[in-house]
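*Asks:* Questions regarding the structure given below will be posed in turn.
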Amino acid sequence: MRLALFDLDNTLLGGDSDHAWGDWLCARGILDGVAYKARNDAFYQDYLAGKLDIQAYLNFSLEILGRSEMRQLADWHLEFMKECIEPIILPKGEALLAEHRAAGDKLLIITATNRFVTQPIAARLGVETLLATECEMADGRYTGRTTDVPCFKEGKVTRLNRWLAENGLDLSDSAFYSDSMNDLPLLEQVTRPVAVDPDPTLRAEAERRGWPVISLR
C-alpha cells in the first residue's frame, strides 16, 4: 500500500494551529493576553529556529486543558475552527489530499501539535488516521499533561514506526509532505520526501538533496 504522509501546520494549513489556538484563547480573554502571548510567541520562534524544548512547551500549552471542563473545551474548539482554522485551510492542500485519495493511497496526518487541537482539523480534511502529540486523560477529562512520545522531530519517526508495525505496513512506497526542518528525520525515511513552502533551512536542504519543492499557497 502506498502511504501519503502529511505534516499539518504550514503544510496543509496556511498557518500554525497550535500557535493560533494560544492566540485565540488570549484574544478571547481566556488566557492572559500579554504574559501568555509573549511566552507562546517565544516558544513559536524557538520552533521555527529548530530549538524548541518540546516538553517545556507542552507543559505550558496543555495546562489550559487540565483546568477546563470538557464541554467548555469542545465549545471553544468549535468557535476556534470557524474563526481561525477554516480561513487557513489551503484549497491546494485539499486538492493534494483528494489526488492521493483518488489514487488509493493511505492518507495520514502526522503532527507535533496535540490531538485536542488537531483531531477536529484532520476530520475536517477527511483524513481518518492522525498521529499527534497525545494529551493525558484521567476520569474522563484532560490532566494538562502529555503522554507517550511527543510527535516531534525523531519522535515522529518513533510514533510512525510503531503505527506501521501495528498495521503491518512499511515505508517502501511512501511520500511525506512537510514545510519544516524539524521534520528532517522523517523526510529522510520515506521514498519521496517533498518540501512544501519550506522554511529557508529545509529549502536549502531539499535543493541540496534534489527533493521536490512545491507550494500549496
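The values are calculated or read from the model by the stated rules, or taken from the named source; none is laboratory data. Worth saying up front: this structure is predicted, and the values here are computed from it rather than measured. Methodologically, a virtual Cβ is constructed for each residue, glycine included, from the backbone with ideal geometry; neighbour enumeration extends over all protein chains shown. Side chains included, ligands, DNA and RNA excluded: accessible areas come from the protein's heavy atoms. Shrake-Rupley method; radii C 1.70, N 1.55, O 1.52, S 1.80 Å.
*Asks:* Please report how far the C-alpha centroid of the stretch 175-217 lies from that of the stretch 21-61, rounded to the nearest whole angstrom.
*Replies:* Centre-to-centre distance over Cα atoms comes out at 25 Å.
*Asks:* Then there's this: Please compute the Kirkwood hydrodynamic radius of the stretch 1-56 from all pairs of different C-alpha atoms, in Å with one decimal.
*Replies:* This gives a value of 12.7 Å.
*Asks:* Let me ask something else about it. Give the relative contact order (percent, whole number) for the chain; include only Cα pairs under 8 Å separated by 6+ residues.
*Replies:* Taking the mean separation of contacting Cα pairs over the length of the chain, I get 25 percent.
*Asks:* From largest to smallest, what semi-axes in whole angstrom does the stretch 23-143 give when each is the square root of 5 times an eigenvalue of its alpha carbon gyration tensor?
*Replies:* 26, 17, 16
*Asks:* Taking θ = phi - 60°, what integer Hz values does the Karplus form 6.51 cos²θ - 1.76 cosθ + 1.60 yield along the stretch 147-160, in sequence order, with x for Gly and Pro?
*Replies:* Result, rounded to whole Hz: 9, 6, 7, x, 7, 9, 6, 4, x, 5, 5, 4, 5, 5.
*Asks:* Please turn the phi angles of the stretch 208-217 into ³J(HN,Hα) values with the Karplus equation 6.51 cos²θ - 1.76 cosθ + 1.60 (θ = phi - 60°), one per residue in order, whole Hz, x for glycine and proline.
*Replies:* Calculated HN-Hα couplings, in order: 5, 8, x, 7, x, 10, 10, 10, 10, 7 Hz.
*Asks:* Could I ask something else about it? Just to confirm, what accessible area per residue do you get for the chain at 1.4 Å probe, in whole Å²?
*Replies:* Per-residue value: 45 Å².
*Asks:* Could I ask something else about it? Determine, at each q value in 0.12, 0.13, 0.18 (inverse angstroms), the log₁₀ of I(q)/I(0) that the Debye formula gives when each Cα of the chain is one equal point scatterer.
*Replies:* -0.62, -0.73, -1.42
*Asks:* As a check on your grasp of the helix formula, calculate [θ] at 222 nm for the chain: sum -39500 (n - 2.57) over DSSP H runs of n ≥ 4, divide by the residue count, round to the nearest 500.
*Replies:* Helix contribution divided over all residues of the chain: -13000 deg cm²/dmol.
*Asks:* With a cap of 13 neighbouring Cβ atoms within 10 Å, and only residues DSSP puts in a loop, list the GluC sites (Glu not before Pro) found in the stretch 97-181.
*Replies:* Answer in residue order: Glu128.
*Asks:* Calculate the all-directions average of the projected area of the stretch 102-165's alpha-carbon convex hull, and give it in nm².
*Replies:* 5.2 nm²
*Asks:* Trypsin sites (Lys or Arg not before Pro), restricted to the stretch 72-133: which are DSSP loop and have at most 15 other Cβ atoms within 10 Å?
*Replies:* Nothing satisfies the criteria.
*Asks:* Students sometimes get this wrong: rank Asp9, Asp46 by accessible area, probe 1.4 Å, all chains present, largest first.
*Replies:* Asp46, Asp9
*Asks:* Further question on the same structure: With N set to the number of residues, divide the alpha-carbon radius of gyration of the stretch 137-217 by 2.2 N^0.38 Å and report two decimals.
*Replies:* 1.32
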